[in-house]
Amino acid sequence: MSSYPMSPLMGQMMSKPMLISSLIEHADRYFGKNEIVSRRVEGDIHRYNYTECHKRAKKLANAFAGMGVKMGDRIATLAWNGYRHLEAYYAVSGSGAVLHTINPRLHPEQIAYIANHAEDQYLLFDITFLPIVEAIASHCPLIKGYIMMCDRDRLPADSKIPNLMAYEDVIDANSEDFVWPIFDENSASSLCYTSGTTGNPKGALYSHRSTILHSYASSLPDGLNVSARDSVLPVVPMFHVNAWGLPYSAPLNGSKLVFPGPNLDGKSLYELFEQEKVTFSAGVPTVWLGLLTYVAQNNLKFSSFKRTVIGGSACPPAMMKTLRNTYGVEVVHAWGMTEMSPLGTAGTLMAKHTDLDEDEKQSILQKQGHVLYGVDMKIVDDAGKELPWDGKTYGNLLVKGQWIIDHYYKNEGGDVLEDGWFPTGDVATIDGDGYMQITDRSKDVIKSGGEWIGTIDLENVAVSHPAILQAACIGVFHPKWDERPLLLAVKKPGAEVSKEELLQYFDGKVAKWWLPDDVVFIDSLPLGATGKILKNKLREQFKEHKLPTA
Ligand code: ADP
């Protein structure tokens, strides 16, 4: 931590460290009866409240103390969104240990790599992930014990997993008498690895301070706008950037929490939304695709759902319009990344926009939005020179702030900052009002004759065609222009459109020289562990593709 000069006259306010345990203490004391509802891996619905959650978190904290877990030790989880996972969030970080949430969608080899790299001491996991644990246990010599998040009768009879315990036994064996320790707020609280689309995954190590500040800021009205009036269903997983901080910001605000467990299909989500009167949700665009298809096919409406945050990849304007115009759900388009805890920007309007017409409002809202206080951003050219905020000039997006990494865990990759700024790897424009729009990830940009073509714009046009469900645009080799865009598109079930018709649809919607040179229809797009389209896989698959213009 850097040290700053001290004034001869320091402020005289209480210096209470910002600790994660204070969130669950607060929720217990002031919102104790507010509900936490979970669809369990076992299939049924579990309900309890913040007071009961706090009690069980303290029992688990006692259990860790008994196992010899010390401050700074890493405890891993491989789990869905659910109440036991929430208890682990508080028991681990609240004790001063570090919660390492692992993405179970990664390859087992990568999971073992991450667990060893983090030097995890215990691993908590949902029943679903027993096969993964069986595959990695012998490759993770540092893990002293495994806690399966279930009752004893669910434990496998003949498992070779060393020191395997049932979560409910661990809870039952411990007292709820536990006083959360007070320590420096800059202590590490949780660890998330990036999904490693390039090279090995790298760890972002959050602190108590950064987590609390992120929880405050992300709750603001122009952020996620989380309140005690909300019933919050995080679709975004707790194993991916802490479900965008909702397991912290919901208790901070006393919101009802609804966890979907493993059932993320449209039907299960819809039922939970309706049963639990969900008002607010958050997830990546691919999840909404499933939910919206189910709702449309069955001619349904939402009765309580008012607002959703969509991020992780660009939210197509067509999806935003459908949610708003057909279902009355307001969409907040947000941007961030693992290295940013994750929230950087969110798209909401200003007072001066009130009288704009719907299309003008929509064109502002489809940008990735404004920074939250606490984050600063700029765009620069390749030489590091700052570029103008005119909404047109695009450049490399750099950020800094209290919940943005200073360096990766174990200093992997060395000094990653550029003059104190973190390079996001995204290419963006910023307009005169400070609204940022992502054009592309720098590694996905198509470089045609020395100029850049942003793929997000092209994909947004493609998915606004009534016959197209999903689309991805990649650059493929062209002898004259180096690279030209190839559009890979998935048709909606039963819908028809020809290559020529689809290309014609782009006319007037993008600059002529941006038009894709070719279209290939495919059955599905490869998705990574966090629900994003794997463009590197597509580039590999289509690297020999011969463009008709070549
Ligand atoms: P990874 O581990 O793949 O980096 P993250 O979830 O941290 O996973 O991904 C962050 C990246 O996701 C950002 O740098 C950006 O490229 C992309 N991203 C996130 N939100 C948006 C958005 N709203 N629009 C476009 N891209 C986004």
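Miscellaneous remarks
- Within the range 346-390, the set of residues being among the hydroxyl-bearing types (Ser, Thr, Tyr) and free of Cβ contacts under 8 Å to residues at least 40 places away in the same chain comprises Thr354, Ser363.
- Any hit, the range 474-482, residues being within 30 Å of Pro201 (Cβ to Cβ) and either of a type in the set (D, E, K, R) or within 16 Å of the ligand (Cβ to nearest atom) (or both): yes
- Evaluating Ala489 against the criteria (1) assigned to a strand (DSSP E or B); (2) more than 27 Å from Gln366 (Cα to Cα) leaves one unmet condition, (2).
- Pairs where the first residue, in the range 400-412, is not assigned by TED's automatic domain parsing to the domain that holds Gly245 and the second is in a loop (DSSP other than H, G, I, E, B) and of a type in the set (Gly, Ala, Ser), C-beta under 8 Å, 6+ apart: Lys400/Gly420; Gly401/Gly374; Gln402/Gly374; Trp403/Ser341; Trp403/Gly374; Ile404/Ser341; His407/Gly413; His407/Gly414
- In the range 519-538, residue nearest to Phe239 (Cα to Cα) [restricted to those that are within 16 Å of the ligand (Cβ to nearest atom) and of a type in the set (D, E, K, R)]: Lys532
- Any chance Gly391 is touching a His at 6+ places or on another chain (Cβ under 8 Å), assigned to a loop (DSSP other than H, G, I, E, B) and farther than 23 Å from Lys532 by Cβ: no
- Residue ranges of helices (runs of 4 or more DSSP H) in the range 182-290 with at least 3 members at positive phi, in contact (Cβ under 8 Å) with a residue 12 or more places away in the chain and crowded, with 20+ Cβ neighbours inside 10 Å: 241-244
- Only one entry of Asp444, Asp415 meets the criterion of being modelled with pLDDT under 95, touching a His at 6+ places or on another chain (Cβ under 8 Å) and either of a type outside the set (A, V, I, L, M, F, W, C) or over 29 Å from Tyr113 (Cβ atoms) (or both), and that entry is Asp415.
- Filter result for Ile438 (outside any loop (DSSP other than H, G, I, E, B) and touching a residue at least 60 places away in the same chain (Cβ under 8 Å)): yes
- Residue in the range 346-367 that is basic (Lys, Arg) and out of contact with any strand residue (DSSP E or B) (no Cβ under 6 Å at 6 or more places or on another chain) present: yes
Let's see how each residue does on (1) within 13 Å of the ligand (Cβ to nearest atom); (2) without any contact (Cβ under 8 Å) to a residue 40 or more places away in the chain; (3) not hydroxyl-bearing (Ser, Thr, Tyr):
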position: Ser303; (1), (2), (3): no, yes, no
position: Lys321; (1), (2), (3): no, no, yes
position: Arg324; (1), (2), (3): no, yes, yes
position: Tyr327; (1), (2), (3): no, yes, no
position: Gly344; (1), (2), (3): yes, no, yes
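- Listed conditions (1) in the same structural domain as Thr77 (by TED's automatic domain parsing); (2) more than 16 Å from the ligand (Cβ to nearest atom) are all met by Tyr270, apart from (1).
- Taken together, the criteria exclude Asp415 from residues that are within 11 Å of the ligand (Cβ to nearest atom) and part of a loop (DSSP other than H, G, I, E, B).
- Residue tally, condition under 21 Å from Thr286 (Cβ atoms) and over 21 Å from the mean Cα position of the chain (by Cα), over the range 424-454: 1
- Within the range 164-181, the set of residues being part of a loop (DSSP other than H, G, I, E, B) and surrounded by 13 or more Cβ atoms within 10 Å (Cβ to Cβ) comprises Asn174, Glu176, Phe178, Trp180, Pro181.
- Among the residues making up the range 1-50, a single one is free of Cβ contacts under 8 Å to residues at least 24 places away in the same chain and in contact with a Gly (Cβ under 8 Å, 6 or more places away or on another chain): Asn49.
- Here Ser498 passes the criteria (1) hydroxyl-bearing (Ser, Thr, Tyr); (2) out of contact with any Cys (no Cβ under 7 Å at 6 or more places or on another chain); (3) within 16 Å of the ligand (Cβ to nearest atom) except the one numbered (3).
To keep it simple, each residue is scored yes or no on (1) of a type in the set (Lys, Arg); (2) assigned to a loop (DSSP other than H, G, I, E, B); (3) not assigned by TED's automatic domain parsing to the domain that holds Leu205.
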| position | (1), (2), (3) |
| --- | --- |
| Ser38 | no, no, no |
| Arg47 | yes, no, no |
| His54 | no, no, no |
| Ala57 | no, no, no |
| Asn62 | no, no, no |
| Ala76 | no, no, no |
| Arg105 | yes, yes, no |
| Glu109 | no, no, no |
| Ala112 | no, no, no |
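- Any hit, the range 307-315, residues being farther than 25 Å from Pro262 by Cβ and within 16 Å of the ligand (Cβ to nearest atom): yes
- Condition check for Ala115: in contact with a Cys (Cβ under 6 Å, 6 or more places away or on another chain), crowded, with 17+ Cβ neighbours inside 10 Å, under 25 Å from Ile20 (Cβ atoms) and at pLDDT 95 or above: yes
- Residues of the range 325-382 that turn out to be surrounded by fewer than 17 Cβ atoms within 10 Å (Cβ to Cβ), in a loop (DSSP other than H, G, I, E, B) and not hydrophobic (A, V, I, L, M, F, W, C), as a count: 7
Quick grid of which residues meet (1) more than 16 Å from the ligand (Cβ to nearest atom); (2) in contact with a Ser or Thr (Cβ under 8 Å, 6 or more places away or on another chain):
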{"site": "Tyr113", "(1), (2)": "no, no"}
{"site": "Leu123", "(1), (2)": "yes, yes"}
{"site": "Ser138", "(1), (2)": "yes, no"}
{"site": "Pro201", "(1), (2)": "no, yes"}
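- Residue in the range 149-163 that is assigned to a helix (DSSP H, G or I) and closer than 30 Å to Met350 by Cβ present: no
The values are calculated or read from the model by the stated rules, or taken from the named source; none is laboratory data. This structure is a prediction, so every number in the text was calculated from the model and none was measured. Every residue, glycine as well, gets a Cβ built from its backbone with ideal geometry; the counts of neighbours run over all protein chains shown.
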